[in-house]
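The block underneath contains the structure these notes are about, expressed in structure tokens.
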């Protein structure tokens, strides 16, 4: 079997497979989907196929859809020197350098439905934030017309704005759509995504996410109060807030969100009773429902005070009589006289619930962190202001802690200064969690005219010839890790031995020049690509790219297998043969290892076609097939290019 994979990596999309599984009768012998037959299958009295619809359209939408399913133009390369450092070699955290759309396509198999939470802080398109649409894909008008299914006039207009560094609403939506589309596929069924945004694109973003995630999966439009008064950045109102739009992958699977109580809220729990050992301190809440006038006789009943006084609520009680009497019998009701000597009835709310400190429902306005706090975070780590307007670590800790992420993966593909990674490490150090972060950052050049402090720091202190934002992201994670370990080590009650403070680095790199042939055209006489130019580093890059495509996490290392002097690479039932020089003795050793080594069970053997002679590929294929039949096992042999 031959595969063209290296130049044909696309974002995973299981929609067609789901349809084939559930509606096989709607596919013809050529595998084409019959929509009319599908409609008839679903046609019941409960389903009405409406011809009217509501949605968002813009110039470039068809192009954006094309980009979400277009092939990646890069490979993935590992920073071996950095990743083999003691603090990084076993880490499950990732920092990936490259265009995030390319990276998302590479991650779409290995991390399909593996991410619990995504947070991104994309360009706001304010007109002054530097956002312009940039795209190095080269389509002709005719090619785009055919690929996107649009007329040539529209294709011409789309190419004009994608190649003109536009910052229009259409340009911003074209930029965001494919990234959000692929991001949704990475979320677990109970996963959520938060997107920071401001007034410039919040309306467009909300409708765009309705389309990608589904209106029914909208969770909240959270307001973040970012300033403490003042502000002259708006002609009419002093702008004190931004937004975070939150959607669930599937609202039916999402958990209730909750946050830890603040110290002020904890102070309310100051009373103690016979339930203290089990439930801790408690606070009081008035039993009557204030501000409501209603005719609900079942909630307006007499309660007898300790001295026999009959008490009626000013309006109604919050609880039914039956629920009240049960709580009274359990000692969970307080009777207290006010300053006027009148009896008041309170319910008790205890500090602990199932032996876990009580958490409370979050509010739609977050006001626990300001923009200036983000600046202070940076100054504490770098001693100067090298990154403008980073999100506060406290803000990210709050939203990460909203749901049960203690042993989950958090993705941020607009990493910026690395606040998300810093927040994940801080939370893990505080509660012993095993959260993992995946950060993606473009190697965006730092303009010395706009931020000389950052430029000089990266060039002079970090010794990087061409300073980029990525270097700041990387350095922040290193410094934040060191700071958290130093501060946490002062608390002798904490055990940080299992906390992951390291990270591994990978980056996208262009596919090799002239590597654009069709496998079916390949033959020993037809060489469109000179494999002799490939170094050992190139082959390692190929392995990283392939294993990720095959569903193996980037943080998992392939194990080297010695096949009588030939080196193979193995992980989780997959064996890769990419080096030259595979001979019959190596094949014999391979079959022997499969036969005798209980820890070696390759279900798929993948060979790099360029580095094998045709007769060698045939020999491997025939022997593997014969061995599989003899042992009654399934082993696939794939020649990949």
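The values are calculated or read from the model by the stated rules, or taken from the named source; none is laboratory data. In this text the structure is predicted, and so the values were computed from the model without any measurement. All Cβ positions, even for glycine, are placed from backbone atoms using ideal geometry, and neighbour counts span all protein chains on display.
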Of the residues 183, 171, only one is surrounded by 14 or more Cβ atoms within 10 Å (Cβ to Cβ), assigned by TED's automatic domain parsing to the domain that holds residue 223, assigned to a helix (DSSP H, G or I) and touching a strand residue (DSSP E or B) at 6+ places or on another chain (Cβ under 7 Å); which?
183
Quick one: is residue 388 out of contact with any strand residue (DSSP E or B) (no Cβ under 7 Å at 6 or more places or on another chain), surrounded by fewer than 19 Cβ atoms within 10 Å (Cβ to Cβ), assigned to a helix (DSSP H, G or I) and in contact (Cβ under 8 Å) with a residue 24 or more places away in the chain?
no
Flag if residue 280 is under 30 Å from residue 241 (Cβ atoms), within 44 Å of the chain's Cα centre (by Cα) and surrounded by 14 or more Cβ atoms within 10 Å (Cβ to Cβ):
no
Residues that are modelled with pLDDT of 95 or more and assigned to a loop (DSSP other than H, G, I, E, B), drawn from region 523-556
550, 551, 552, 553, 554, 555, 556
Those residues that are under 17 Å from residue 571 (Cβ atoms), touching a helix residue (DSSP H, G or I) at 6+ places or on another chain (Cβ under 8 Å) and surrounded by fewer than 19 Cβ atoms within 10 Å (Cβ to Cβ), I need them from region 589-634; list them, please.
600, 601
Of the listed residues (459, 436, 449), the one being in the same structural domain as residue 416 (by TED's automatic domain parsing) and surrounded by fewer than 12 Cβ atoms within 10 Å (Cβ to Cβ) is 449
Residues in region 148-168 that are under 29 Å from the mean Cα position of the chain (by Cα) and not in a loop (DSSP other than H, G, I, E, B): how many?
2
On the basis of being assigned by TED's automatic domain parsing to the domain that holds residue 323, loosely packed, with under 11 Cβ neighbours inside 10 Å and in a loop (DSSP other than H, G, I, E, B), does residue 308 make the cut?
yes
Looking at 211, 221, 189, 215, can you tell me which residue is exposed (fewer than 15 other Cβ atoms within 10 Å of the Cβ) and within 23 Å of residue 108 (Cβ to Cβ)?
189
Given the conditions (1) modelled with pLDDT under 95; (2) over 25 Å from residue 352 (Cα atoms); (3) in contact with a helix residue (DSSP H, G or I) (Cβ under 8 Å, 6 or more places away or on another chain), report the number of the one that residue 303 does not fulfil.
(1)
